[in-house]
Structures are given as C-alpha cells and as structure tokens.
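Take this structure, written in structure tokens, and hold onto it; I'll ask about it next.
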Amino acid sequence: MGSQFNNLPPDRRRAVHNAIDTLRAMPPNVRQREVESGRFNQFSPQERQILDDAARLPLAPTPAETNRSAPEQHNEQQNTRPQRYVPRPPR
C-alpha cells in the first residue's frame, strides 16, 4: 500500500490522505462498508484500492487524538455522551 500511495501525484496523495483521515474517524466496522458504498467513487481504481486496504487496517488515532493529555480525555468521557458516526450522503 505504501509504495502505491507514494507513487501518486502530490495532489492525489493529499486527496487520498484526506479520505483515509475520514475513514480513521469512523468506527472500524463502518469503514469497509463506506468504501464499498460508492462514497469514494471520485477516486481512481488504484486510489480506491489504497482506501480499501486502509479500511481493513486497524488505523491509528489521528495526531489530535494522541496529543490530548490523559486528564482531558478522562473529563471528556465523564461529561459527554458516546458519539456515533453518521455517514454523509454521497455527492
């Protein structure tokens, strides 16, 4: 997957990276379904393969999630209800 990604032109790499960030924000059980739903049809077959591969991986948290301190996470968990993923309709 890495070599395919690195072989993309810079603008396409950014677009695929943004889509992977979108997938990363979804629960693992939703990622593959979203890739198959047609939501990412604006990507080439090679780019969709990269997204498909990424959707199957246990994606690491985003940098913003890893930079939060433990007390902040604890307070947020106490003061908020669980959030759920609501997919956007395809364009």
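The values are calculated or read from the model by the stated rules, or taken from the named source; none is laboratory data. The model shown is predicted, which means the values in this text are computed figures rather than measured ones. As a convention, Cβ positions derive from the backbone with ideal geometry for all residues, glycine included, and neighbour counts pool all protein chains shown.
Please tell me if residue 14 is charged (D, E, K, R), closer than 24 Å to residue 89 by Cα and free of Cβ contacts under 8 Å to residues at least 12 places away in the same chain.
Yes; evaluated as a whole, the condition is true for this residue.
From the list 54, 25, pick out the single residue that is among the hydrophobic types (A, V, I, L, M, F, W, C) and surrounded by fewer than 17 Cβ atoms within 10 Å (Cβ to Cβ).
The unique qualifying residue is 25.
Among the residues of segment 23-47, count how many are assigned to a helix (DSSP H, G or I) and at pLDDT 90 or above. Spell out the reasoning first.
The initial filter retains those residues of segment 23-47 that are assigned to a helix (DSSP H, G or I), namely 23-24, 28-36, 45-47.
Filter again for at pLDDT 90 or above, leaving 45-47.
Residues that pass the stated criteria total 3.
Another one. Residues in segment 3-17: is at least one modelled with pLDDT under 85 and outside any helix (DSSP H, G or I)?
no
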